[in-house]
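Data first, discussion second: the structure below is written as structure tokens.
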Amino acid sequence: MIGWFKVMKKSFGAPFLWLICLIYFNQGFRSFVWTAVSYHLKDRLKLSPSASQFVSSVAFFPWSIKPLYGIVSDCIPIKGRKRIPYLVIATILSLVPWPILGISSALRSSKGHILIFLTVQNLGSAMADVVVDAMIAEAVRFERASFAGDLQSISWFSMALGGVCGNLLGGYALNNLQIDTIFLLFSVLPAIQLLSCGLVKENSVGSQALPEFASSTRSSYLENGNDVLLDEDSFLSKQPQRSTSRRKKSQKINVKRIDNSSKSHNGKGNSLPIGWLQSLKAASYSLLRAFRQPIILRPMAWFFLAHVTVPNLSTVIFYYQTESLNLDASFLGTARVVGWLGLMLGTFIYNNYLKTMKLRKILLCAHIGLSLTSLLDIVLVSRMHLAYGISDKIMVLCGSALADAINQFKFMPFLILSGQLCPPGIEGTLFALFMSINNLGSTLGSFTGAGLASFLNLSSGSFDNLVSGIVIQVLCTYIPVALLFLIPKEATGISA
């Protein structure tokens, strides 16, 4: 293990590894402060479950436009650099709202102001997530490609560690500290991240150089000056990343050739802003052309609809658990830790036993499993479990672990399809687009849940119709099952 760390340090440098671990740890540790936000919206601002879920959905919308940050940072260098300056901007955006909310009681008590600050904070976190993913992709190019899995393992471990620590400490902090102190304490980590950005050196791309995104898109897509297309046969028969297989006739990713005149922005009569604008236009066009292909569009449409058609009642359940069941913040934090363990368990089971299963079958089983976990919520709300001597805490812990494990079964095919469908040259940005579609679907599913809660008159202290809401949620869980024809029929977790 010590030898492995030495090799990683020699290959990437200690400052880079520290920054990567810190950013991903912060992403997981966000649960520390967002637990406090949930209670603040409920207890201090007295928002109803539907209003609280609406605020959270709007605040998390910046995660739905991640490709925008990727394209801008790829195509518009700041002082010749494409990553660190944007990471500094993102960190400032994610840092500033917390001390302001911690210091100002008036802003903290205003629904409009807290919505704005939470949205800005998510904007910074989402932008940092995109930039650090790009930094990792660039770091493992060429001779360091063999370390790609190692960096990803470090990233996921750091995020999981942050999630566990955030959930455990978040409940304790709520029971022992004031909300303003929690906000101020959390601002320490983004501040350390901001200082750490200065430790990593980034080479300048050159004031007259064409941004790397556009040039890599051109070289990856164009072979002998011809357009390239991708159909379902090529997806099922080979990985798109293999350069030798890209020349085969069955491949068909219809990408319009980028005019070479776009690289003449350093020539006469063409300013740098015009060159950047041309690069933005070319990158956006290539991204949209690739995404419009049916083999890419149809699966992503399924994952989007799978979120939108199932109303998310998590905020209502949270209100019910804290008000009717009187579960405290420390226990709910522990339940989320169990959920993290469920995610790890789901990943382990999938990687060891389900890779060869058809993705359609995995997604079918996942939705059946989600409907069964929703039935556990019905049992919890109807109090039937008490007749068998099962406590509320056991029901919540089991439901949390099972739901998160099953959601991981559903998320793994999404990651697999995303990786297999991304054409060469724009993998990073197109993958960010896939993740944004997934996030946007989750956001709209939360809006749907908020609307359902409002329709059923579910509010703080009034949960008479909660069972009806969960039943509707269970029935809606089967709508995506009817749309599974959008997933490639023969696709599995094993790439040919």
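Scan the range 1-12 and report the pairs whose first residue is under 13 Å from SER153 (Cβ atoms) and whose second residue is part of a helix (DSSP H, G or I) and at pLDDT 75 or above, with Cβ atoms within less than 9 Å and a gap of 6+ or a chain change.
Pairs that qualify, where the first residue is under 13 Å from SER153 (Cβ atoms) and the partner is part of a helix (DSSP H, G or I) and at pLDDT 75 or above, are PHE5/LEU17; MET8/LEU17; MET8/ILE154.
Within the range 174-192, how many residues turn out to be under 22 Å from GLY124 (Cβ atoms) and either touching a strand residue (DSSP E or B) at 6+ places or on another chain (Cβ under 6 Å) or assigned to a helix (DSSP H, G or I) (or both)?
Of the residues in that region, 13 qualify.
List pairs: first residue in the range 285-304 and under 15 Å from MET435 (Cα atoms), second residue hydroxyl-bearing (Ser, Thr, Tyr) anywhere in the structure, Cβ distance under 7 angstrom, at least six positions apart or on different chains.
Final answer for the pair search is LEU287/THR429.
Evaluate the range 433-443: report whether one residue or more is open to solvent by 60 Å² or more (accessible area, probe 1.4 Å) and closer than 26 Å to PHE60 by Cα.
no
Could you check THR322 against (1) open to solvent by less than 30 Å² (accessible area, probe 1.4 Å); (2) within 30 Å of LYS79 (Cβ to Cβ); (3) among the polar types (S, T, N, Q) and say which number it fails?
(2) is the only condition that THR322 fails.
Restricting to the range 444-464, name every residue that is surrounded by fewer than 16 Cβ atoms within 10 Å (Cβ to Cβ) and in a loop (DSSP other than H, G, I, E, B). Give the derivation first.
Initially, the range 444-464 is screened for residues surrounded by fewer than 16 Cβ atoms within 10 Å (Cβ to Cβ), giving 451, 455, 457, 461-462, 464.
Hits for the range 444-464 are ASN457, GLY461, ASP464.
Looking only at residues that are open to solvent by less than 50 Å² (accessible area, probe 1.4 Å) and of a type in the set (Val, Ile, Thr) in the range 75-119, which one is farthest from LEU47 (Cα to Cα)?
ILE76
The values are calculated or read from the model by the stated rules, or taken from the named source; none is laboratory data. As the structure is a prediction and not an experimental result, all values here were calculated from the model. Every residue, glycine among them, receives a Cβ derived from its backbone with ideal geometry; neighbour counts consider all protein chains shown. These accessible areas exclude ligands, DNA and RNA; they are computed on the full protein's heavy atoms, side chains included. Shrake-Rupley method; radii C 1.70, N 1.55, O 1.52, S 1.80 Å.
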